[in-house]
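Working notes for the structure below.
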């Protein structure tokens, strides 16, 4: 029987329970969540989608991800930075995404801010990975109770403050921590999850930008 925070799948393997054994959500958990990412477009996509997720479930956003990619030029931030009122109107009429004007405008703004970050640091990856928490900032054991209490962390607060200072929007510390979890800056697969050790190995072999 799986422990707290774990769910046993049809394959008999224990995983973090938040995917609910839904096929698409489980694939996201198994194949993406927590694995280190350095691709600037994927980093930009994820931080924007986390902004859209605010007030909603990540599953809602995940199931619309292809619609978001189509609407926002594959999250090529150089292209998104050129969006204007016609593009905003197009997005607001698009049932394939979350039609929230503030979040759409934020994505365009953040694309311009992403260009500035790339110009300063050479890549978004180099900037974001500079906020990877030190080992002493991490809990000794990532069990369900510990994870449930970590909506924000000192590292996510630092990153959120720095992004806001640079003009980014919809990047509160909770949103930013969800981004850090997903992009592999931390490994928050809970103890007992069959992917925790695999993700930890991937992080160990990963070359920081």
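Just checking, how many residues over the stretch 139-152 are more than 19 Å from the chain's Cα centre (by Cα) and part of a helix (DSSP H, G or I)? Residues in the stretch 139-152 being more than 19 Å from the chain's Cα centre (by Cα) and part of a helix (DSSP H, G or I): 3 in total.
State whether one or more residues within the stretch 151-161 are within 28 Å of residue 7 (Cβ to Cβ) and in contact (Cβ under 8 Å) with a residue 60 or more places away in the chain. No, the stretch 151-161 contains no residue that is within 28 Å of residue 7 (Cβ to Cβ) and in contact (Cβ under 8 Å) with a residue 60 or more places away in the chain. Among the criteria (1) in a helix (DSSP H, G or I); (2) touching a helix residue (DSSP H, G or I) at 6+ places or on another chain (Cβ under 9 Å); (3) under 22 Å from residue 190 (Cα atoms), the one residue 136 does not fulfil is (2). Screening residue 122 on (1) farther than 30 Å from residue 7 by Cβ; (2) in contact with a helix residue (DSSP H, G or I) (Cβ under 9 Å, 6 or more places away or on another chain); (3) at pLDDT 95 or above; (4) loosely packed, with under 15 Cβ neighbours inside 10 Å shows it passes everything except condition (2). Residues that are farther than 17 Å from residue 158 by Cβ and assigned to a helix (DSSP H, G or I) within the stretch 121-133 comprise just one, 125.
Taking every residue in the stretch 173-192 that is on the phi < 0 side of the Ramachandran plot and free of Cβ contacts under 8 Å to residues at least 40 places away in the same chain and pairing it with any residue that is surrounded by 23 or more Cβ atoms within 10 Å (Cβ to Cβ) and in a helix (DSSP H, G or I), at least 6 positions away or on another chain, the pairs with Cβ-Cβ distances below 7 Å are 173/156; 177/156. When the stretch 39-88 is filtered for residues that are in contact (Cβ under 8 Å) with a residue 24 or more places away in the chain and assigned to a loop (DSSP other than H, G, I, E, B), the ones remaining, listed by number, are 39, 54, 56, 64, 72, 76, 81, 83. I'd like the full set of residues that are touching a helix residue (DSSP H, G or I) at 6+ places or on another chain (Cβ under 7 Å), part of a loop (DSSP other than H, G, I, E, B) and loosely packed, with under 13 Cβ neighbours inside 10 Å, limited to the stretch 1-31. Residue satisfying the conditions is 4 alone. Within the stretch 161-176, the residues that satisfy the criterion of being over 13 Å from the mean Cα position of the chain (by Cα) and not in a loop (DSSP other than H, G, I, E, B) are 161, 162, 163, 164, 165. If you check residue 34 against the conditions, is it buried (at least 17 other Cβ atoms within 10 Å of the Cβ), closer than 22 Å to residue 127 by Cβ and modelled with pLDDT of 95 or more? It is true that residue 34 is buried (at least 17 other Cβ atoms within 10 Å of the Cβ), closer than 22 Å to residue 127 by Cβ and modelled with pLDDT of 95 or more. Candidates in the stretch 179-200 are the residues that are part of a helix (DSSP H, G or I) and surrounded by 21 or more Cβ atoms within 10 Å (Cβ to Cβ); of these, the one that is nearest to the chain's Cα centre (by Cα) is 179.
The values are calculated or read from the model by the stated rules, or taken from the named source; none is laboratory data. The model shown is predicted, which means the values in this text are computed figures rather than measured ones. No Cβ is skipped: glycine too gets one built from the backbone with ideal geometry, and neighbour counts run over all protein chains shown.
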